[in-house]
1. Looking at GLU144, GLU130, GLU95, GLU77 in this structure, which one is among the acidic types (Asp, Glu), farther than 30 Å from LEU24 by Cα and out of contact with any helix residue (DSSP H, G or I) (no Cβ under 9 Å at 6 or more places or on another chain)?
2. Among the residues of the range 25-37 satisfying the criterion of being over 21 Å from THR149 (Cβ atoms) and not in a loop (DSSP other than H, G, I, E, B), which is most open to solvent (accessible area, probe 1.4 Å)?
3. Considering every residue within the range 115-131, establish whether at least one is open to solvent by 80 Å² or more (accessible area, probe 1.4 Å) and either of a type in the set (A, V, I, L, M) or within 23 Å of LEU57 (Cβ to Cβ) (or both).
4. Residues that are closer than 21 Å to SER147 by Cβ, in contact (Cβ under 8 Å) with a residue 40 or more places away in the chain and open to solvent by 80 Å² or more (accessible area, probe 1.4 Å): does the range 40-56 have at least one?
5. Can you name every residue in the range 75-102 that is open to solvent by 90 Å² or more (accessible area, probe 1.4 Å), touching an Asp or Glu at 6+ places or on another chain (Cβ under 9 Å) and modelled with pLDDT of 95 or more?
Amino acid sequence: MAVRLDDLDRKILVQLQEDGGQSLDDIAKNVGSSKTPVWNRIRKMREAGVIRQQTYLLDPESLGFEACFFVLIRTSEHDAGWQAAFLRALKARPEVQEAHRLAGDIDYILKVRVANARAYDVFYQALISEVKVHNVTALLSMEEIKSTTMLPL
């Protein structure tokens, strides 16, 4: 269920999405309010689950993670036991940045960030040793054109 937000809440969220490390004073100045009301609104949005966490975005390439693969998975297994094992395997693999269950011909898509193709193969071999999958297709991203965590508020 969506939480009701007013214009000031949205302005605060835009500021937090742009730079979560800015001071309350800066956020208040940028949204045209004072520090205490901004802090109270941030606290309420955290309590309501609108703000899940505060984090920093790291540059993968500067840390040696130069390869991004999108992995398409088809499975012939759809029972609860297989799904639980598959989810455990994904959650245990730090290389998996995102995982989505899909409608259509492909059952799952993963975003996997690794150093290179050899590291992807290590990931792939580990995954298929843990869970049975029918078909896996790996697509190497040649260039990241757009990537954002910002929601269109």
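The values are calculated or read from the model by the stated rules, or taken from the named source; none is laboratory data. As the structure is a computational prediction, the values presented were derived from the model and not from experiment. Ideal geometry is used to build each Cβ from the backbone, glycine not excepted, and the neighbour counts take in all protein chains shown. What goes into the accessible areas is simple: the full protein's heavy atoms, side chains included, and nothing from ligands, DNA or RNA. Shrake-Rupley method; radii C 1.70, N 1.55, O 1.52, S 1.80 Å.
1. On the way: GLU130 fails: out of contact with any helix residue (DSSP H, G or I) (no Cβ under 9 Å at 6 or more places or on another chain); GLU95 fails: out of contact with any helix residue (DSSP H, G or I) (no Cβ under 9 Å at 6 or more places or on another chain); GLU77 fails: out of contact with any helix residue (DSSP H, G or I) (no Cβ under 9 Å at 6 or more places or on another chain).
Result of the check over GLU144, GLU130, GLU95, GLU77: GLU144.
2. LYS29
3. Within the range 115-131, the subset open to solvent by 80 Å² or more (accessible area, probe 1.4 Å) is 118, 122, 125, 129-130.
From what is left, the residues that are either of a type in the set (A, V, I, L, M) or within 23 Å of LEU57 (Cβ to Cβ) (or both) are 122.
Checking the range 115-131: at least one residue is open to solvent by 80 Å² or more (accessible area, probe 1.4 Å) and either of a type in the set (A, V, I, L, M) or within 23 Å of LEU57 (Cβ to Cβ) (or both).
4. no
5. ARG88, ARG101 - these are the residues of the range 75-102 that are open to solvent by 90 Å² or more (accessible area, probe 1.4 Å), touching an Asp or Glu at 6+ places or on another chain (Cβ under 9 Å) and modelled with pLDDT of 95 or more.
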